[in-house]
Amino acid sequence: YQRRVRGATLSSPLLPSSMSKRTCCGSCEGCWRCCCLPFFVCGSICKVFCCCCCHNPVHPSWNRRFESSVATLRTAANNISQDVGVMRMFADTSVPTWLPFIPGEVQHADLQFGGNLKGEVVFAQNKGAPSFSVETPSSDKFILYFHGGAFCLCNPSTHRGLLYELVSRTKVTIVAPDYRRPPESPHPTPLEDCVAAYHWLSARVDPSNILLGGDSAGGGMIVLVLAELKKQKAPMPAGSILLSPWVDLAEDYSVGSWQENKHLDYLPVDLAAQFAQAFAGEHDLASVSAVNMDLEEMPPMLIEYGEAECLYDQITEFATKAEASGVKVEANVAPGMVHVFHLFVFSEMPAIEESFQRICDFVHQLWPSESPPESYGATDTEHSEVDSGAVDYAATRV
């Protein structure tokens with residue numbers, strides 16, 4: 001199928017016609033989906049909060065707050081029109097940019113990278129907004145964060161809940177570029193924006209004081225940026241944090257974890273295929289997939305992903321390849337968790353708290369001169385047990 005959005009054509013040749021179930025918003029079905037979507041979402045939430053005799057948790061480890069949040073996303077993703085303009089209307093505007101549960105000691109400000117590239121900087125109030133100067137490079141530590149959203153959706157403001165949480169816990173300032181998105185700007189435009197953001201920051205901060213971070217498509221973008229920096233023989237950052245990275249755009253959607261976990265995760269198969277093709281544009285999908293990049297000599301990586309997510313197989317394969325290429329990899333599988341489960345920190349699931357603690361530990365290990373981050377979630381004993389088992393990223397799922 002093909003759909004035209006703001007002058008850009010989207011297609012999904014990877015997806016069998018039997019798996020295509022949507023029409024554009026201009027059709028009767030598309031209008032029906034848009035009008036009824038709020039009722040579908042409310043219905044899914046009500047189902048979760050029914051009494052125990054009427055409803056059992058989809059996964060035994062989930063509490064109702066987590067399950068209702070995942071059910072909301074799953075219902076919305078599986079029923080929304082495939083029109084990218086409509087999806088952006090929901091994803092870019094309906095996701096609150098201010099939430100009552102985000103850390104109050106953190107602030108954000110707009111940031112101009114140069115040219116037309118803009119973004120946000122998220123920082124602790126007690127530190128104040130950072131100043132960036134080529135003449136006087138900052139000695140502070142920074143995370144350059146690439147937001148997820150299947151390349152086509154979302155922006156730094158939709159990810160403020162996650163970014164605020166990372167800043168609050170790691171005590172590290174985050175810089176997040178608002179890179180151009182497909183289908184209007186397919187590969188290599190988003191990559192060029194992210195590389196430009198890194199060069200802008202590394203001209204004002206020593207690269208050894210920079211970490212790359214990203215979730216989903218932004219996690220895959222990290223690897224593309226590192227591969228490009230290696231081609232340019234540019235200084236590498238200190239390391240990278242990949243949260244449920246989308247690393248294989250050419251993966252077979254009809255087998256493996258895409259099918260095994262589709263009843264748990266909220267990622268829709270048909271939209272994933274559509275967005276992958278939109279990002280690749282005229283390029284071969286495999287050639288723009290992070291898993292196929294030359295990973296040798298890349299800096300240390302922390303990979304956090306869920307046991308119950310559709311990308312489980314490809315992330316496990318990527319972690320194995322990276323380690324075989326000589327990269328120092330710490331890959332952790334969070335039991336029962338879905339794609340980018342860090343977004344649901346408000347649900348107070350132990351697996352999420354443990355993952356955030358590992359992120360804090362990774363940051364402190366790379367920058368030992370910094371004050372150790374506070375412990376979140378697990379006790380020292382529990383955390384030790386999590387760490388000892390988490391490195392086995394190829395372990396069989398329970």
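Just a few scattered comments:
- Every residue from segment 323-347 that is under 18 Å from Ile359 (Cα atoms) and open to solvent by 40 Å² or more (accessible area, probe 1.4 Å): Lys328, Glu330, Pro335, Leu343, Phe346
- Counting only residues that are of a type outside the set (Gly, Ala, Ser) and surrounded by fewer than 19 Cβ atoms within 10 Å (Cβ to Cβ), segment 217-235 holds 6 of them.
- Subset of segment 108-130 that is over 14 Å from Trp200 (Cα atoms) and of a type in the set (S, T, N, Q) - its residue that is most open to solvent (accessible area, probe 1.4 Å): Asn126
- The residue that is surrounded by the fewest Cβ atoms within 10 Å (Cβ to Cβ), among those in segment 201-216 that are among the aliphatic types (A, V, I, L, M) and outside any strand (DSSP E or B), is Ala203.
- Positions within segment 117-138 being at pLDDT below 90 and within 20 Å of the chain's Cα centre (by Cα), in sequence order: none
- For segment 278-311, a residue qualifies if it is surrounded by 23 or more Cβ atoms within 10 Å (Cβ to Cβ) and over 22 Å from Gln232 (Cβ atoms), and the qualifying residues are Ala278, Leu302, Ile303, Glu304, Tyr305, Gly306, Ala308, Glu309, Cys310, Leu311.
- Residue within segment 162-180 that is at positive phi, open to solvent by less than 20 Å² (accessible area, probe 1.4 Å) and within 15 Å of the chain's Cα centre (by Cα) present: no
- Here is the figure for segment 348-372: residues that are modelled with pLDDT under 95 and in contact with a Ser or Thr (Cβ under 6 Å, 6 or more places away or on another chain) total 0.
- Residues that are open to solvent by 20 Å² or more (accessible area, probe 1.4 Å) and either outside any loop (DSSP other than H, G, I, E, B) or touching a Gly at 6+ places or on another chain (Cβ under 8 Å) (or both) within segment 131-148 comprise just one, Ser138.
- Pair list, Cβ under 6 Å, 6 or more apart: segment 227-247 residue of a type in the set (Val, Ile, Thr), other residue buried (at least 18 other Cβ atoms within 10 Å of the Cβ) and not in a helix (DSSP H, G or I): Ile241/Gly213; Ile241/Leu302
- The set of residues in segment 236-277 that are of a type in the set (Ser, Thr, Tyr), in a loop (DSSP other than H, G, I, E, B) and open to solvent by less than 20 Å² (accessible area, probe 1.4 Å) comprises Ser244, Tyr253.
- Condition met for Ala197 (in a helix (DSSP H, G or I) and either surrounded by fewer than 22 Cβ atoms within 10 Å (Cβ to Cβ) or touching a residue at least 12 places away in the same chain (Cβ under 8 Å) (or both)): yes
The values are calculated or read from the model by the stated rules, or taken from the named source; none is laboratory data. What you are looking at is a predicted structure, and each value in this text was computed from that prediction instead of being measured. Quick reminder, even Gly has a Cβ in these numbers, built from the backbone with ideal geometry, and neighbours come from all protein chains shown. Protein only, heavy atoms only, side chains kept; ligands, DNA and RNA dropped before computing areas. Shrake-Rupley method; radii C 1.70, N 1.55, O 1.52, S 1.80 Å.
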